[in-house]
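A.B. asks: Provided herewith is a single structure, encoded as structure tokens, for subsequent inquiry.
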Number of protein chains: 2
Amino acid sequence: MEKETNKPRTAPDKRVVIENVEPEIDGGRFPIKRVVGEQVWVEADIFADGHDELSCILLYRKEEDTEWTPVPMRPLGNDRWRAEFIVAELGRYRYTIQARIDLFSTWLRDLHRRLEAGQDVRPELPAGAALAAAAGARAQGAGATLEARRLMELAKDLESKSDMLEKVARLMGPDLTGLAALWGNPELFVRYGRELEVIVDRVKARFSAWYEMFPRSASPQPGKHGTFKDLIARLPYVAELGFDVLYLPPIHPIGKGLRKGKNNSLKAGPNEPGSPWAIGDETGGHKAVHPELGTIEDFRKLVAQADAFGIELALDIALQCSPDHPYLKEHPEWFKARPDGSLRYAENPPKKYEDIYPLDFTCKDFKPLWEEVKTIFEFWMKQGVRIFRVDNPHTKPFGFWEWLISDLRRQQPELIFLAEAFTRPKVMARLAKVGFTQSYNYFPWRNTKWELETYFTELTKSESKEYLRPILWPNTPDILTEYLQFGGRPAFIVRYVLASTLGASYGIYGPAYELCEGTPRDPGTEEYKDSEKYELKHWNLDNKHSLRHIISKVNRIRRENPAMQSDSSLRFLKTDNEQLVCYCKQSGDNAVMVVVNLDPNHVQSGWVDLPLEDFGLAPDKPYQMHDVLHERHYLWRGPRNYVELDPRHVPAHVFRLRRYVRTERDFDYFL
Amino acid sequence: MEKETNKPRTAPDKRVVIENVEPEIDGGRFPIKRVVGEQVWVEADIFADGHDELSCILLYRKEEDTEWTPVPMRPLGNDRWRAEFIVAELGRYRYTIQARIDLFSTWLRDLHRRLEAGQDVRPELPAGAALAAAAGARAQGAGATLEARRLMELAKDLESKSDMLEKVARLMGPDLTGLAALWGNPELFVRYGRELEVIVDRVKARFSAWYEMFPRSASPQPGKHGTFKDLIARLPYVAELGFDVLYLPPIHPIGKGLRKGKNNSLKAGPNEPGSPWAIGDETGGHKAVHPELGTIEDFRKLVAQADAFGIELALDIALQCSPDHPYLKEHPEWFKARPDGSLRYAENPPKKYEDIYPLDFTCKDFKPLWEEVKTIFEFWMKQGVRIFRVDNPHTKPFGFWEWLISDLRRQQPELIFLAEAFTRPKVMARLAKVGFTQSYNYFPWRNTKWELETYFTELTKSESKEYLRPILWPNTPDILTEYLQFGGRPAFIVRYVLASTLGASYGIYGPAYELCEGTPRDPGTEEYKDSEKYELKHWNLDNKHSLRHIISKVNRIRRENPAMQSDSSLRFLKTDNEQLVCYCKQSGDNAVMVVVNLDPNHVQSGWVDLPLEDFGLAPDKPYQMHDVLHERHYLWRGPRNYVELDPRHVPAHVFRLRRYVRTERDFDYFL
């Protein structure tokens, strides 16, 4: 040990420290996420011993580029520095920082101080001249002839005996100092030890409205199995509602062995269709289409037609097999076996899922299995699918997802992966870190004001905002929350408004949602009675209680207001009533404020507090609150204003702030 | 790029994630600090995909050992795990974590759940038996014969058809499960990617009371230059005051060239002694002793005599030279030069320090200089010095300190280095990280209640507590704060009590402090009038206003109360008066509470809030507050109690909590 350390180890000219870089996830182990056109703000603590001036540079590049683009950082005080860059293209970017002692700036600063104190600075000039000349030589060597000439002139000027104050005034301009800093000694640069990554997704990764539906229930004829063609006929309805992602539960052949019947009964009757998540029969598995839905060509037509409506298809990838899936025969080594050699169906003891066999991603010869699973995604990418909702990713190894998603996204950076992992917080965070674009989350169970404020502050303000993008679902085929079961239509409106305004990305499982389907299988469960998971349904879309008009309107409002297309500006405002939650989002001039009555049973009223200054509002002038959901206008004044919400009529306000209110001065004849 | 990634990269059996390990400084770049006998608590987020049970192990070892000591970690909930170990010896320790899927525990948990649900578990037994047998074989292979036999018996038992419930009851005992976990498959272990370090200091690094004095002012005869012999005669006084470190400003020859006179005047008169920080003359530099102080033998005698009083010498190492220092002639290459070849004296433009030449630690051939500086420390280590106070370390490269301190401490792990860097927070933190044992800090300028609470909460509760140990100085030869200038004797008592009770380590510059010397050179400066830095002083130690008795008492209280020997338990308590600050420290049974009146001019009173439960006090029983500083006893009851402090008599209470109060039941004849 002694031997190792009895020589000085550190180059003494590497004196600059760069630390506490943000954003940086787990010491750079994972990338941060952005969408095309967004900014990446980078900050770091940068300092050296002593009192020298520093020059700090943010470097960024697209991953495949070799050249860094430098951006000068600016000091924020307390040795913190900042700069930003825009990620203009899909794919991956890298960024890092370099910094050095800025000898010329230090020299100039000291010169200036000496002059101000009336000292004779002539003995100091040669040092500055030498620095300028060295910078000039470097510029010359790099072919920057013009810059080199200016630096050389500077050096000569400093050596001459002309008037000192005039000289320094010229020098202090940012122009020359910047030039001398730019061409400073590159050997003095200290580079931050890590290159940090940014995954750049398309805008839909941040802003989208999903509609989930079972294609087999799409037939206009009750009792008849729906088809992709029926789904094409349903597209105008989905488009009218304003959704831009249509997400289908698995569309593959369904196993017959141990098929589940109505309401998850253990034995299916002869005509029962089974659960779409029991994937595979003798005709095929994850790359096949359920024959009753149509053909793969029908599916491609659906993709194309949806595209014409501005709707993108999303598929559910559930990596598990029915007992009839071809994998069981062809690759028994991909499944866990009992000592007697029989394959193991899914279990979470004491629960048994005998109609489903999980793939064993940690089996001995796992590579062929991983490669095969990749071809499933590639198959559907070839059919035009670019959005995958992944079922239960938290029961497969993190390393598998990291490998799979990064590989597929290098093929096609438009891909979006949604993680359906309703599990412990750290596991959900890890899945987002290893590559999932969006994440289901605990929103379904966050109902009270305190819960909503705490949870959404965590999601949008803590470090997780850099890598985990929440998508808010008020319901799913597995989740009919008690709030919806008990609250009736007002509850469905409340939760819909929350999902679509708290979250730039949200989705509903319909038509169950817009038709306010709220009956559970049993009390105390979140399963739907007569769940569509096990049977065909026929929905009456024209039911007069349908929320379709509200949904359509909210989705239009979302498209018209940039503030609602991102979660980063989300901010909760104070109200004096525990049942009234209030929050706002801003984007440039556009400001939206939402007030929701969380009580589906009673009228609630109270006072809300607006941060006038942040909204650019004067404390003494009236302003207009335009409820764009109900097309009502309110004149408010000052920070505290009264709100009253009746769950039967107006459970929520979605206000757009209109700063300007007309006065008599606007009247034609006033002047 | 594509090529690199078209094969699965992760071993699928490495499924466990270990992250957010604490304590860990800057991703493991720097060690944490402890003193001998302290605990290191280690926590981490540890989890895997799916629902398997985990076995998580903290590993630690002394740096020079090859074998790790394993400590099983326990789950705290939310995937957080914890374990701790004790650092028993001086030097360096390392720690890391490993974790694996615990197959046997998972199997057993599932078996238990199946049994509870009334399922037939017989088909599951062979899997458990196989795991037990494999564990047994491993134990056998490692020579753990007894453990191997028990595991083999377990395997056999599981294969037999005996009563199931009885079998499981036996299995569920921690004993057998632990054994199976211990001998689980080592290939499943995932090791945390970093080994983290602990520097282990002696207890004095955490708990010490320093007394700084100028040896040249130690003569009993006014106007005569003090000597080491005079200092030996002063030792009983220092010991009586209760200090255990005696710290001397530089004791080297003082330059004559451009020597500073009284009150920092530019020219010294013929008999003026100069500043001890202008080090070196023709007789020697940093390894020589100022002839008027005595000889190196006298110094060694001083060290030995001090030791007899339980006092350790600390030296000030100021790495700078007077114009007469031999280095200037022998090694001009170690100094910065002007273009005309003359060496550069110290400057902070426009300020000039013409009596001092700084060493240039980044000079071209820096290694010989660094090595030479090391020999300065080694020289004084040979004279018995183990504590160094380093002057202005923030003007030398961090890399230099990291190299120097780690090298010297490997030679002698008892060494203590105190960084005198009154500079920006991040630079101070860095110096602590690179190796300084203790740090000066902003205490002198934290006077109000809010300032004290905020600053000491940061020092004792934020991550910096792991590497930065504050030592509190209410004054130094450079710092006579305005609070002391304006507040008179009460202010000196207040700041003394704060320093010695907020900080397990503190120091004063005396006799200026105990004699309440509060006159500045000019208004608006923190320099002393007629500062000892530039002249000899004669102090009247017997002045009746001296704080010597208070100091002596407080230092005894500190030794008697373990709570005061560490800062980790420091906690502020509420008072309803902004001038009353209240805090407590605890260690086991020992609890100390301090209330200080920050106002040196007026009586202040108010109510203080005690967390009774944390002190083990019943809400309905009286308890005794024993002011150990003034030897007064108070009977209190309940959490809120009244305090009144008069700065002229009792500016502060130092309470020791006495839980037990005598009642009639204790009276001899009661029963």
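A.B. asks: Take A:GLU482 and decide whether it is surrounded by fewer than 21 Cβ atoms within 10 Å (Cβ to Cβ), outside the structural domain of A:GLY28 (by TED's automatic domain parsing) and within 16 Å of A:ARG34 (Cα to Cα).
C.D. replies: Against the criterion (surrounded by fewer than 21 Cβ atoms within 10 Å (Cβ to Cβ), outside the structural domain of A:GLY28 (by TED's automatic domain parsing) and within 16 Å of A:ARG34 (Cα to Cα)), A:GLU482 does not qualify.
A.B. asks: Answer with yes or no whether B:PRO332 is at pLDDT 95 or above and either closer than 18 Å to B:PRO358 by Cβ or surrounded by fewer than 21 Cβ atoms within 10 Å (Cβ to Cβ) (or both).
C.D. replies: Answer is yes for this residue.
A.B. asks: Follow-up question, since we're still on this one. Would you please name the residue that is nearest to the other protein chains (Cβ to nearest Cβ), looking only at residues in the range B:92-110 that are in a strand (DSSP E or B) and of a type in the set (Val, Ile, Thr)?
C.D. replies: B:ILE101
A.B. asks: Something else about it: Output the residues belonging to the range B:343-356 that are within 9 Å of another protein chain (Cβ to nearest Cβ) and part of a loop (DSSP other than H, G, I, E, B).
C.D. replies: Scanning the range B:343-356 gives B:PRO349, B:PRO350.
A.B. asks: Here is a further query. Restrict the check to the range A:520-531 and report whether at least one residue is more than 30 Å from A:ASP355 (Cβ to Cβ) and open to solvent by less than 30 Å² (accessible area, probe 1.4 Å).
C.D. replies: Checked the range A:520-531: no residue is more than 30 Å from A:ASP355 (Cβ to Cβ) and open to solvent by less than 30 Å² (accessible area, probe 1.4 Å).
A.B. asks: The conditions are (1) crowded, with 19+ Cβ neighbours inside 10 Å; (2) at pLDDT 90 or above, and B:GLY141 fails exactly one of them. Which is it?
C.D. replies: Only one criterion in (1) crowded, with 19+ Cβ neighbours inside 10 Å; (2) at pLDDT 90 or above is unmet by B:GLY141, namely (1).
A.B. asks: I've got another one for you. Could you tell me whether A:PHE361 is assigned to a loop (DSSP other than H, G, I, E, B), surrounded by 21 or more Cβ atoms within 10 Å (Cβ to Cβ), facing chain B (nearest Cβ under 10 Å) and not hydroxyl-bearing (Ser, Thr, Tyr)?
C.D. replies: yes
A.B. asks: Name every residue in the range A:408-428 that is open to solvent by 10 Å² or more (accessible area, probe 1.4 Å) and either charged (D, E, K, R) or in contact with a strand residue (DSSP E or B) (Cβ under 7 Å, 6 or more places away or on another chain) (or both), in order of residue number.
C.D. replies: Within the range A:408-428, A:ARG409, A:ARG410, A:PRO413, A:GLU414, A:GLU420, A:ARG424, A:LYS426, A:MET428 meet the criteria.
A.B. asks: Could you please let me know if A:LEU431 is at the interface with another protein chain (Cβ under 9 Å from one of its Cβ atoms) and in contact with a Pro (Cβ under 7 Å, 6 or more places away or on another chain)?
C.D. replies: Judged against the criteria, A:LEU431 is a match.
A.B. asks: Answer yes if at least one residue in the range B:375-384 is more than 8 Å from chain A (Cβ to nearest Cβ), open to solvent by 40 Å² or more (accessible area, probe 1.4 Å), outside any helix (DSSP H, G or I) and among the aromatic types (Phe, Trp, Tyr), and no otherwise.
C.D. replies: no
A.B. asks: Any idea which of B:GLU147, B:GLU89, B:GLU116 is among the acidic types (Asp, Glu) and touching a strand residue (DSSP E or B) at 6+ places or on another chain (Cβ under 7 Å)?
C.D. replies: B:GLU89 is the lone residue from the list that is among the acidic types (Asp, Glu) and touching a strand residue (DSSP E or B) at 6+ places or on another chain (Cβ under 7 Å).
A.B. asks: Answer with yes or no whether A:PRO323 is touching a Pro at 6+ places or on another chain (Cβ under 7 Å) and in a loop (DSSP other than H, G, I, E, B).
C.D. replies: Against the criterion (touching a Pro at 6+ places or on another chain (Cβ under 7 Å) and in a loop (DSSP other than H, G, I, E, B)), A:PRO323 does not qualify.
A.B. asks: Something else about it: State the number of residues belonging to the range A:576-604 that are of a type in the set (D, E, K, R) and open to solvent by 50 Å² or more (accessible area, probe 1.4 Å).
C.D. replies: So the answer is 3.
A.B. asks: So which of B:GLU282, B:GLU272 is open to solvent by 10 Å² or more (accessible area, probe 1.4 Å), touching a residue at least 40 places away in the same chain (Cβ under 8 Å), under 20 Å from B:LYS329 (Cα atoms) and outside the structural domain of B:ILE232 (by TED's automatic domain parsing)?
C.D. replies: B:GLU282
A.B. asks: Name the residues in the range B:397-434 that are closer than 25 Å to B:GLY507 by Cα and charged (D, E, K, R), would you?
C.D. replies: B:ARG409, B:GLU414, B:GLU420, B:ARG424, B:LYS426, B:ARG430, B:LYS433
A.B. asks: Restricting to the range B:614-671, and then to whatever is at pLDDT 85 or above and among the β-branched types (Val, Ile, Thr), can you tell me which residue is nearest to B:GLN604 (Cα to Cα)?
C.D. replies: In this case the residue turns out to be B:VAL643.
A.B. asks: Can you work out which of the residues in the range A:396-419 that are of a type outside the set (A, V, I, L, M, F, W, C) and touching a residue at least 60 places away in the same chain (Cβ under 8 Å) is farthest from the other protein chains (Cβ to nearest Cβ)?
C.D. replies: A:GLU414
A.B. asks: Does at least one position in the range A:562-584 carry a residue that is in contact with a helix residue (DSSP H, G or I) (Cβ under 7 Å, 6 or more places away or on another chain), modelled with pLDDT under 95, not assigned by TED's automatic domain parsing to the domain that holds A:LEU468 and not small (Gly, Ala, Ser)?
C.D. replies: For the range A:562-584, residues in contact with a helix residue (DSSP H, G or I) (Cβ under 7 Å, 6 or more places away or on another chain), modelled with pLDDT under 95, not assigned by TED's automatic domain parsing to the domain that holds A:LEU468 and not small (Gly, Ala, Ser): absent.
A.B. asks: Hey, can you tell me all the residues within the range B:116-154 that are within 13 Å of chain A (Cβ to nearest Cβ) and farther than 18 Å from A:ALA337 by Cα?
C.D. replies: B:GLU116, B:ALA117, B:GLY118, B:GLN119, B:ALA133
A.B. asks: For the range A:496-518, indicate whether the set of residues that are under 25 Å from A:VAL245 (Cβ atoms), aromatic (Phe, Trp, Tyr) and within 14 Å of chain B (Cβ to nearest Cβ) is non-empty.
C.D. replies: So far as the range A:496-518 goes, no, none of its residues is under 25 Å from A:VAL245 (Cβ atoms), aromatic (Phe, Trp, Tyr) and within 14 Å of chain B (Cβ to nearest Cβ).
A.B. asks: Test B:ARG113 against the criterion of being surrounded by fewer than 19 Cβ atoms within 10 Å (Cβ to Cβ), closer than 26 Å to A:ARG338 by Cα, within 13 Å of chain A (Cβ to nearest Cβ) and at pLDDT 90 or above, and give yes or no.
C.D. replies: yes
A.B. asks: For the range A:429-476, how many residues are within 25 Å of A:ASP599 (Cβ to Cβ), outside any helix (DSSP H, G or I) and open to solvent by 10 Å² or more (accessible area, probe 1.4 Å)?
C.D. replies: Qualifying residue count, the range A:429-476: 5.
A.B. asks: Does at least one position in the range B:514-529 carry a residue that is farther than 30 Å from B:ASP609 by Cα and of a type in the set (A, V, I, L, M, F, W, C)?
C.D. replies: yes
A.B. asks: Kindly list, by first and then second residue, each pair from a residue in the range B:423-437 that is more than 15 Å from B:PRO397 (Cβ to Cβ) to a residue that is among the aliphatic types (A, V, I, L, M) and in a helix (DSSP H, G or I), limited to pairs with Cβ atoms under 7 Å and residues at least 6 apart or on different chains.
C.D. replies: B:THR437/B:ALA205
The values are calculated or read from the model by the stated rules, or taken from the named source; none is laboratory data. Nothing here was measured: the structure is a model prediction, and the numbers come from that model. Don't worry about glycine lacking a Cβ; one is built from the backbone with ideal geometry, like all the others, and counts go over all protein chains shown. SASA here: full protein model, heavy atoms, side chains in, ligands and nucleic acids out. Shrake-Rupley method; radii C 1.70, N 1.55, O 1.52, S 1.80 Å.
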